[in-house]
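Beneath this line is the structure, given in structure tokens, with notes to follow.
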Amino acid sequence: DIQIGGETVVHGNVVVNARTDTTLSMAGKVEGEMQANAYTGTIVAKNSGVITGEFKGSAEGDRTSSTIVNQKGGEVGALDGFSKGEDATMTIINENGGTAGKLLANALVGGKTEAKNDGNVMGDMSGWSKGDGSTLTLTNTEDGASGMMSVESYLKGQATATNNGLVEGGMGGYAENGRVKLNNNGEVEGNMAVGTGNHGYAGIRNGQDGT
């Protein structure tokens, strides 16, 4: 286990490349990026302090797992994560009371990435899925607020964006030889729009409570 205490200031990046099951907790300040990368096994990283750059995670390899959590009171320049490999899983969570400048999430080569905002993402929530078996799921919860939500899919990937809270700036999707779906059960200030290229499928659903 790796812990960075509340009185600690790191002038530079914090990078943890896990090859065994690992946990990382940060309550101080990182003047740079913090990364939690899983090459084998799992890593869980939590931030309740300040990261001026990106809070990043990756699951790189079959059946690896990385989870990054921006907790209540946590402030990060961005949340950014991807999965790569069959059944590799990347989970990104911005908890209620957490603040992120933006959220980026990708899945490729059969990976599965899920990102959930229960706090405040001041900029966009966006990502793409690429490759057969790759899935991306973005969710803005009932308590979440974000800028524009957008997803893309390629090469038989699948991507879904669901808003249950407030999205300022609209929702968008694009699919080329892949599938995307937009769901709105909350409030979207702006348009919901999708586009497709060759062999692409895109759908929009505005639920009963969606506006």
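Summary table
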| item | result |
| --- | --- |
| Computed over the chain: relative contact order in percent, which uses C-alpha pairs under 8 Å that are six or more apart | 10 percent |
| Choice from A105, A88, A18 with maximal GNM fluctuation in the chain (Cα, 10 Å cutoff) | A18 |
| Relative packing of peptides 179-190, 127-138 - highest average C-beta neighbours within 10 Å first | 127-138, 179-190 |
| Segment L155-N96, length gained on full extension (0.36 nm per residue, minus Cα span) | 17.8 nm |
| Extension gain, D62 back to N198 (0.36 nm per residue minus Cα-Cα distance, nm) | 46.0 nm |
| Derived scalar couplings ³J(HN,Hα) [region 44-61; Karplus, 6.51 cos²θ - 1.76 cosθ + 1.60; whole Hz; x for Gly, Pro] | 10, 10, 10, 10, 10, x, 10, 10, 6, x, 8, 9, 10, x, 8, 10, 10, x |
| Phi to ³J(HN,Hα) by Karplus 6.51 cos²θ - 1.76 cosθ + 1.60 over region 170-176, Hz, x for Gly, Pro | x, 10, x, x, 8, 9, 9 |
| Whole-Hz couplings from phi, Karplus 6.51/-1.76/1.60, listed for region 64-72; x for Gly and Pro | 8, 8, 10, 10, 10, 10, 9, 7, 3 |
| About the Cα centre, charge dipole magnitude for the chain (Lys/Arg +1, Asp/Glu -1 at Cβ), debye | 440 debye |
| Extension gain, Y39 back to E142 (0.36 nm per residue minus Cα-Cα distance, nm) | 33.7 nm |
| Answer label for Cα extents along the principal axes in Å (calculated), chosen among (1) 58, 44, 29; (2) 45, 44, 39; (3) 48, 34, 24 | (3) |
| Dipole-positive endmost among L103, A18, G5 within the chain (Cβ charges, Cα centre) | A18 |
| Whole-number accessible area per residue in Å² for the chain, which is evaluated in the context of all protein chains at 1.4 Å | 44 Å² |
| Cα-based convex hull, region 1-93, per residue volume (Å³, whole number) | 67 Å³ |
| Among T64, T91, T22, residue whose mean-square fluctuation peaks in a GNM of the chain (springs only between Cα atoms under 10 Å) | T22 |
| Distance from region 1-58 to region 162-178 (C-alpha centre basis), Å | 29 Å |
| Net charge of neighbours whose Cβ lies under 10 Å from the Cβ of S58, counting Lys and Arg as +1 and Asp and Glu as -1 | 0 |
| Cα-Cα over 29 Å, subset of K29/K156; K72/K130; K84/K116 | K29/K156; K72/K130 |
| The chain - percent of accessible surface contributed by carbon and sulfur, probe 1.4 Å | 43 percent |
| Long-range HN-HN contacts of I51 with modeled amide H, under 5 Å | V30, E75, V76, G77 |
| Amide proton proximity set for V14, modelled H, under 5 Å, gap of 5+ | E33, M34, Q35 |
| Computed accessible area, S65, all protein chains, 1.4 angstrom probe, square angstrom | 30 Å² |
| Other-chain or far-sequence residues with amide H under 5 Å of I204's (modelled H) | L182 |
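The values are calculated or read from the model by the stated rules, or taken from the named source; none is laboratory data. Treat the numbers as computed from the prediction; the structure is a model and nothing was measured. Methodologically, a virtual Cβ is constructed for each residue, glycine included, from the backbone with ideal geometry; neighbour enumeration extends over all protein chains shown. SASA here: full protein model, heavy atoms, side chains in, ligands and nucleic acids out. Shrake-Rupley method; radii C 1.70, N 1.55, O 1.52, S 1.80 Å.
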